[in-house]
Structure formats: structure tokens, C-alpha cells
Amino acid sequence: MPPQKIARENVALAQTFTANARRLGLVSAVGTVLVSAVYAATLVAGLWSLHSPQQPIGNPWFSLLEIFILLLLPLLLVMYEYIGAVNNVIDFASKEQLGLVYNAPVIKFLDDIQQHRGIASAYLSGDQSFKAQLSAKEADIEADIAAVDTVDARLGATLNETVSWKRIKSRWQNIKLQSQSAQMKAIDSFNAHTALNGDVLVFITEIGNNSNLILDPNIDSYYFMDSVITKLPAMAEYMAQLRGYGLMATASKTLSPEDQTRFNIYAGLARSTLNSSVRSYGYAFTVNDSLQNRMQGDIKTYADQVNSFLDNINRTFITTLDNVPTTDSNSFFDLATQSINGVFKLYGTTSDALNGLLSTRIDRNVVQRNVVLIFALFVLALVIYLFIAFYLAVRQAINSLDVATQRMIGGHTEQAFVLDSQDELAQVAISFNNIARELLGARDQALESNRAKSVFLANMSHELRTPLNAVIGYSELIQEECEDSGQTEYVPDLKKIQAAAKHLLSLINDILDLSKIEAGKMDIYLEVIDVPKMLNEIETTVLPLIQKNENTLDIQCEPDLGMMRADLTKVRQVLFNLLSNASKFTQKGVVVLTAARETIGAVDWMIFTVKDSGIGMTQEQMSKLFKDFSQADSSDTRQKGGTGLGLNISKALIEKMGGHIGFSSEAGAGTT
């Protein structure tokens, strides 16, 4: 693809990229500043509201808004995106600078290869005066290769150029060997050098692509990049080809019409590239006029030298009438080389200016990033301060609320809950006082009703139990008489009467026990208990109930377990309740009662464990334990019987004696 077409496409791409980058960068910067400003203003307002005791009570949602603002995610997200965008710009420009660093020795290598082409063309065309220069130039090229190798070792992997550079070196070695042969034709050497130079020009473009130079987003630096990557290397190659063809013509003292046509074509390409490069600099100067004063002199010198050289080409090779060059090889070589050196001098000046633009861009973005970071840290400090202030205010309100609650629980209700501040939190005090008055009235009514119920049930213990005991006793006497008189057909009904009465008595006993506990009339009589003896008595009492579901009772207790101090009746009642539950929910299994002594925290404890192999419980069922009138579920109540008070009463009795009760269970694996 011709250099001019590449340049035009790159210009269009750069303009689009520049517009998008500026738009995104502007939106990101403005958005960050606006969001940060809103944060700062709102935080200052929050600080004033928190620390202004004279401010009247306002909308209670304002405090919630302050809490929402304290959620730093939006600010952190914007900061992350903005800092990321700035860092991308910095990294992008830094990589462009790497391309300039890599290109510097490559351009020197290109210059020396072009000179070697001209010298070899003159030498192989018969001018032996160039032989010494040929060897010297080959030494210069080897030094250039060493310099590129050094840069490639540092940057080749980053820019992905090592393979291309190795291919160029290999091609040069072949040309070097061929150039040392006097049998090689000048035109063949020229074409081989030209092909190598084409590879070097493509290599320079690759460096521009891989180092982001081709996609530079700013107009001034983009056109400078275009000169460094495309126009000036192409200009140097056109002029170097004119030098090579001129040296072949001056050395051979012949000039064919084809040669003149070739001179005319390359002179036209060089002049067109000159005009295009001067226009590119002009575009850059319209955006950044500070570059004009710095570069205008070098550009004028470059244009004058190129025009002078092209005029010389026109006089010496194109318009000559006798088809013989009008100059000698050495004079033409010096003139051409001086003009081409002007191109490479402008290349160096342009590359330095481009590097300066990139450094300025990097420095500017670093400053912007640091300013934004400092501002963000300032806002963050305000956020933290506000959070601490709000937290302390809420904590003070909660502590005051807790003190008022404890005072209310203690029955001291004559003093209302008051907060020192007059902000939205004061609304909490007003609401609390309103709710407290309602709750205290409801509590007093509930306590009075519950106290009356408990007193009634506790006082009715004798009146409720005596008739049931009479029913049980008389039904047992009637059963014995029927059995003695042979009237056995009445025995099953009498047993049903006894079972129903005993069940009802058990229910009443549980309800009365719970009422006594709630009324505070459940007395504890501590005594010394012989634990092994107590367990033997429990085994005798509970064994029929265990065997009802074809279960086996296993009591594990050391004979020398010793004594414990507790209420014997209450301990027996608790163990009987636990064994009864284990038996009801186990079919043809084993119920294990274990007693062991254990010291916990310098306190001697007696640990009783009841374990069954029954149906176990799910997590949902375990959450219902120790609740009044509650069993695992309604189906268990229907199938197994009971009021659901046994475990609750057992827990209350154990805690009243200073103990603790716990459990573990797994569905299908039993309960402990």
C-alpha cells in the first residue's frame, strides 16, 4: 500500500479516536467532579444537622439519606473508573514512547543501509573509489545492528518485534555477502537493498502499530507520529533511491530513457511526499502553535534541501540532452547524502518533539490523577468523620434508650425518655415514650390477668385433683369387685375410665405445675440424693411405659457415683418426662439413661443423658422445643398424646434448681 494512502487512512482513524477519547475523558472528568461536589455539599449539610442542637426536628428520612450517602460504593466506583481511564491514557502514551525508543536505532540502520545501497551501486557499476567506503559503511551497519539488538532485548517482547527484526538481520547478512562479490550486477544489488529497505519501512510501521503510535488520540502528536512513522522514512527512501540510481548512472557514464523516466517518477514521489509532510506539520501547528516556533526553521531547511536536490536531479539526469550525467559520482553522492541527512535530522527533531508531547501528556494526566485522588481522600475523610459522628449520635441514643428500657422493666416509669439532641433522633424518644405508655398499660393488664389465672389454678389444685382421684379410686374398686364376681365383661370399660381419668389428671398436673411456676409458687426442697438408688427407683416406675412400645431401657451408672444435692421429686419428675418422651417416639428401640459426674469451671456437676434411637427431629421441629403446649407437629400430638408441656416444665424445674438442659437430634437417627 502506498505511504500516502496509509497516511490518509490513519488520519481518519486518529480523528475518530480523538473525538471519542476526548468525549469520554470529558464526561469522566466532569462526572467525577460533579459527583464529588455533591458528596461534599451533602456531607457538610449532614455535619451541620448532626451538630446543631437548635435545629428543629425535621423529616426522619433525612438521617436515612445520610446513611445512604455514607455508602461509598458510588464514589469509589466513579473514582475507580476515572483513575483507570487516566492510567490507561498514561500507559498508552508511555507505550508510544517505547516505540520512539525502539525506532531510534532502526532509523539509523535504515540510513546506513540506504547509503550502503548507493555505495554498492557505484562500486558495482565500476567506480572503484567507493570500495573503502563500502567496508566502512558495513562496519557502521554492524554497529547499528548491535544497537537495535540492545533495544530489542529490552523492548522486543513488549512490542512483539523480535521475530521481524531477526528476519531483517538475516536478509542483511545475505546482501552483505553478495555485495562483497565483484561479479554481482549493480542493478541486482540495488534491488536486493531496496527489498531490504522495504522490509525496514514495514518494520517501522509495525513498531508504530504495536506501540500505539498509529492510534495517537491528539491531533498535534498524531501528525508528528505520521511524519515519524510514514512520511519522513518514505521521503528518505525516495531520495535514497534517486541517489542509488544516480550513482549507477554517474559511475557507468550512461543514462538511458528508462533511467530518466525512473528519475522523473521518484522525483515526483519525493516532491509529493514533501508537500504532504509540510501540510501535516501545518495541521499540527494549528492545534499547537507553540511547536511552530520550535520546528519552523528545521522544516524550512528540510524543504529547501529537498527542493534543491530534486532540482539537481532534474538538471543532471532528467533534462540533460546528451544522455550523459553532468556530474561525477563522488560529488553527486555528497550532495545527495547531505540532502538525505537533512531528512533524518528533521526526523530526529520531530521524534524529540513528539516525545516531549507524550511526556507533557503523561505529566498532565499524572497531575490530574493526583489532584482527584487528593480531593477524593478529602471527601473520604469527611465521610469517615460523618460516619463516626452519626455512629456516636446513634449509639448515644441507643444507650439512652437501653437505660430507659431497663428503668421501665424495673418498674420505674415515672421518668420519660429524653434525648439531649434536637435532630431526627429526637423523634425516636417521642415514639418510644408513646409506645412505652401503651405497652406499660397492656403489660399491667396482662400481668394482672395472668396472675389471677395462675392464682386461680394454683388454688384450684385440690378441687380439680380430688374428684379425679375419686373417679380413679372408685373405678379400681369396681374393677376388683367385677373380677371377683366374674363379671369380666365390665372390666375393659372400667380400664378405659381409669386411663381417661389418669390422662386427664396428668394434663391437670402439668397445667397446675406450669401455673405454679409462672405464679412463683413452685417451691424447691433441696436434699441429699443417692443417685444410683434414685435411678433404680425410676427404672422400676418407668419400665412398663418403656416396654409399651417394645423398647429396651439401658441405665448406665457407676455404683459409686455418689450423692447430689437437689429436689428429689423434681429430679424424678424431669427424668420421668424425658424417658417418657424418648419411649413415645421410639418403636422397638433402645432408650439409654446415663449418669456421670463432671467438673466444669471448678464446679462439680451431675450430668444426666437420655438418648433414644427413635424418629429424631428436623431443624424446624427442634425450633419448637421448650415452648408451651407445643410438640414436634400436630400429627405427633394425635399419635403420641401429651400436652406439649413436659419439656417446658422440665426446663423450668432444672433451671430453678440451678441446672441447664440441652439437646441434639437428627431426623431418623434419634434424639439426645
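The values are calculated or read from the model by the stated rules, or taken from the named source; none is laboratory data. Predicted, not measured: the structure shown is a model, and the values here were computed from it. So basically every Cβ, Gly included, is an ideal-geometry build from the backbone, and we count neighbours across all protein chains shown. Areas reflect the complete protein model, heavy atoms only, side chains present, ligands, DNA and RNA absent. Shrake-Rupley method; radii C 1.70, N 1.55, O 1.52, S 1.80 Å.
Selection of segment 529-538 for residues being outside any helix (DSSP H, G or I) and either touching a residue at least 60 places away in the same chain (Cβ under 8 Å) or touching a helix residue (DSSP H, G or I) at 6+ places or on another chain (Cβ under 9 Å) (or both) yields only I529.
Let's see how each residue does on (1) open to solvent by less than 20 Å² (accessible area, probe 1.4 Å); (2) among the aliphatic types (A, V, I, L, M):
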{"position": "S256", "(1), (2)": "no, no"}
{"position": "V278", "(1), (2)": "no, yes"}
{"position": "N293", "(1), (2)": "no, no"}
{"position": "L310", "(1), (2)": "yes, yes"}
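Considering the conditions (1) modelled with pLDDT under 85; (2) of a type in the set (A, V, I, L, M); (3) in contact with a Phe, Trp or Tyr (Cβ under 7 Å, 6 or more places away or on another chain), A566 is excluded by exactly one of them, (3). Within segment 75-85, if we keep just the residues that are surrounded by fewer than 23 Cβ atoms within 10 Å (Cβ to Cβ) and not small (G, A, S), the residue that is nearest to M235 (Cα to Cα) turns out to be I83. Looking across segment 331-342 at every residue that is in contact with an Asp or Glu (Cβ under 9 Å, 6 or more places away or on another chain) and open to solvent by less than 20 Å² (accessible area, probe 1.4 Å), the one that is nearest to Q260 (Cα to Cα) is identified as I340.
So for segment 577-587 (the condition being free of Cβ contacts under 8 Å to residues at least 60 places away in the same chain, open to solvent by less than 30 Å² (accessible area, probe 1.4 Å) and more than 21 Å from I649 (Cα to Cα)), does at least one residue qualify? Quick ask: steps written out before the conclusion?
Narrowing segment 577-587 to residues free of Cβ contacts under 8 Å to residues at least 60 places away in the same chain: 579, 583-584, 587.
Filter again for open to solvent by less than 30 Å² (accessible area, probe 1.4 Å), leaving 579, 583.
Applying the additional criterion that residues be more than 21 Å from I649 (Cα to Cα) yields none.
Looking for residues that are free of Cβ contacts under 8 Å to residues at least 60 places away in the same chain, open to solvent by less than 30 Å² (accessible area, probe 1.4 Å) and more than 21 Å from I649 (Cα to Cα), one finds none in segment 577-587, hence no.
From the residues in segment 343-358 that are in contact with a Ser or Thr (Cβ under 9 Å, 6 or more places away or on another chain) and more than 30 Å from R117 (Cβ to Cβ), which one is surrounded by the most Cβ atoms within 10 Å (Cβ to Cβ)? Among those that are in contact with a Ser or Thr (Cβ under 9 Å, 6 or more places away or on another chain) and more than 30 Å from R117 (Cβ to Cβ), it is L358. Restricting to segment 603-657, and then to whatever is at pLDDT 70 or above, outside any loop (DSSP other than H, G, I, E, B) and polar (S, T, N, Q), can you tell me which residue is least open to solvent (accessible area, probe 1.4 Å)? My answer is S650.
Yes/no matrix, rows are residues, columns are (1) without any contact (Cβ under 8 Å) to a residue 60 or more places away in the chain; (2) more than 15 Å from E138 (Cα to Cα); (3) among the hydrophobic types (A, V, I, L, M, F, W, C); (4) assigned to a helix (DSSP H, G or I):
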{"residue": "R167", "(1), (2), (3), (4)": "yes, yes, no, yes"}
{"residue": "N174", "(1), (2), (3), (4)": "yes, no, no, yes"}
{"residue": "S189", "(1), (2), (3), (4)": "no, no, no, yes"}
{"residue": "T194", "(1), (2), (3), (4)": "no, yes, no, yes"}
{"residue": "D199", "(1), (2), (3), (4)": "yes, yes, no, yes"}
{"residue": "V202", "(1), (2), (3), (4)": "yes, yes, yes, yes"}
{"residue": "T205", "(1), (2), (3), (4)": "no, yes, no, yes"}
{"residue": "G208", "(1), (2), (3), (4)": "no, yes, no, yes"}
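With the requirement that a residue be polar (S, T, N, Q) and assigned to a helix (DSSP H, G or I), what does segment 84-127 give you?
Here is the first cut: in segment 84-127, the residues polar (S, T, N, Q) are 87-88, 94, 97, 103, 114-115, 121, 125.
Of everything in segment 84-127, those that are polar (S, T, N, Q) and assigned to a helix (DSSP H, G or I) turn out to be N87, N88, S94, Q97, N103, Q114, Q115, S121.
Just name the residue that is nearest to S359 (Cα to Cα) out of those in segment 215-233 that are part of a helix (DSSP H, G or I) and open to solvent by 10 Å² or more (accessible area, probe 1.4 Å). Explain how you work it out, then say what you get.
Initial filter on segment 215-233 (part of a helix (DSSP H, G or I)): 215, 219-233.
When the remaining residues are screened for being open to solvent by 10 Å² or more (accessible area, probe 1.4 Å), the result is 215, 219-220, 223, 230-231.
On the way: L215: 17, I219: 16, D220: 14, Y223: 16, T230: 22, K231: 23 Å.
Looking at the filtered set, the residue picked out is D220.
Taking segment 120-142 only, how many residues are among the hydrophobic types (A, V, I, L, M, F, W, C), out of contact with any Asp or Glu (no Cβ under 7 Å at 6 or more places or on another chain) and either open to solvent by less than 50 Å² (accessible area, probe 1.4 Å) or over 18 Å from N330 (Cα atoms) (or both)? Counting residues in segment 120-142 that are among the hydrophobic types (A, V, I, L, M, F, W, C), out of contact with any Asp or Glu (no Cβ under 7 Å at 6 or more places or on another chain) and either open to solvent by less than 50 Å² (accessible area, probe 1.4 Å) or over 18 Å from N330 (Cα atoms) (or both) gives 6. Among the residues of segment 319-330, is any surrounded by 14 or more Cβ atoms within 10 Å (Cβ to Cβ) and under 19 Å from Q114 (Cβ atoms)? Yes, segment 319-330 contains at least one residue that is surrounded by 14 or more Cβ atoms within 10 Å (Cβ to Cβ) and under 19 Å from Q114 (Cβ atoms). T349 meets each of the listed conditions (1) farther than 17 Å from L232 by Cβ; (2) of a type in the set (V, I, T); (3) in contact with an Asp or Glu (Cβ under 6 Å, 6 or more places away or on another chain) apart from (1).
Of all residues in segment 539-569 being hydrophobic (A, V, I, L, M, F, W, C) and in a helix (DSSP H, G or I), which is nearest to I524 (Cα to Cα)? Working first, answer last.
Filtering segment 539-569 for residues hydrophobic (A, V, I, L, M, F, W, C) gives 542-543, 545-546, 553, 555, 557, 561, 563-564, 566, 568.
Filter once more, keeping what is in a helix (DSSP H, G or I): 542-543, 545-546, 568.
Details: V542: 23, L543: 27, L545: 27, I546: 28, L568: 9 Å.
Residue satisfying both the conditions and the ranking: L568.
Only one entry in A376, A353, A267 is in contact (Cβ under 8 Å) with a residue 40 or more places away in the chain, over 60 Å from the mean Cα position of the chain (by Cα) and in a helix (DSSP H, G or I), namely A267. The condition (being without any contact (Cβ under 8 Å) to a residue 12 or more places away in the chain and either hydroxyl-bearing (S, T, Y) or surrounded by 13 or more Cβ atoms within 10 Å (Cβ to Cβ) (or both)) is satisfied by just one residue among R395, R407, R369, R361: R407.
Within segment 183-194, does at least one residue satisfy the condition of being farther than 18 Å from L124 by Cβ, open to solvent by 10 Å² or more (accessible area, probe 1.4 Å) and among the hydrophobic types (A, V, I, L, M, F, W, C)? Taking every residue of segment 183-194 in turn, none turns out to be farther than 18 Å from L124 by Cβ, open to solvent by 10 Å² or more (accessible area, probe 1.4 Å) and among the hydrophobic types (A, V, I, L, M, F, W, C).
Conditions tested, residue by residue: (1) at pLDDT 90 or above; (2) over 22 Å from S227 (Cα atoms); (3) out of contact with any helix residue (DSSP H, G or I) (no Cβ under 6 Å at 6 or more places or on another chain); (4) surrounded by fewer than 20 Cβ atoms within 10 Å (Cβ to Cβ).
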| residue | (1), (2), (3), (4) |
| --- | --- |
| L73 | no, yes, yes, yes |
| K95 | yes, no, yes, yes |
| L100 | yes, no, no, no |
| F109 | yes, no, no, no |
| Q114 | yes, no, no, no |
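State the number of residues belonging to segment 146-165 that are part of a helix (DSSP H, G or I) and either of a type in the set (D, E, K, R) or closer than 14 Å to H116 by Cα (or both).
Initially, segment 146-165 is screened for residues part of a helix (DSSP H, G or I), giving 146-159, 162-165.
The next check asks that each one be either of a type in the set (D, E, K, R) or closer than 14 Å to H116 by Cα (or both); those that pass are 149, 152, 154.
Residues in segment 146-165 being part of a helix (DSSP H, G or I) and either of a type in the set (D, E, K, R) or closer than 14 Å to H116 by Cα (or both): 3 in total.
Applying the condition of being surrounded by 13 or more Cβ atoms within 10 Å (Cβ to Cβ) and over 27 Å from E96 (Cβ atoms) to segment 143-182 and asking which residue is modelled with the lowest pLDDT yields S179.
Look through A251, A236 and report the one residue that is in contact with a helix residue (DSSP H, G or I) (Cβ under 9 Å, 6 or more places away or on another chain), part of a helix (DSSP H, G or I) and closer than 16 Å to D304 by Cα.
Working: A251 fails: closer than 16 Å to D304 by Cα.
Only one candidate passes the filter, namely A236.
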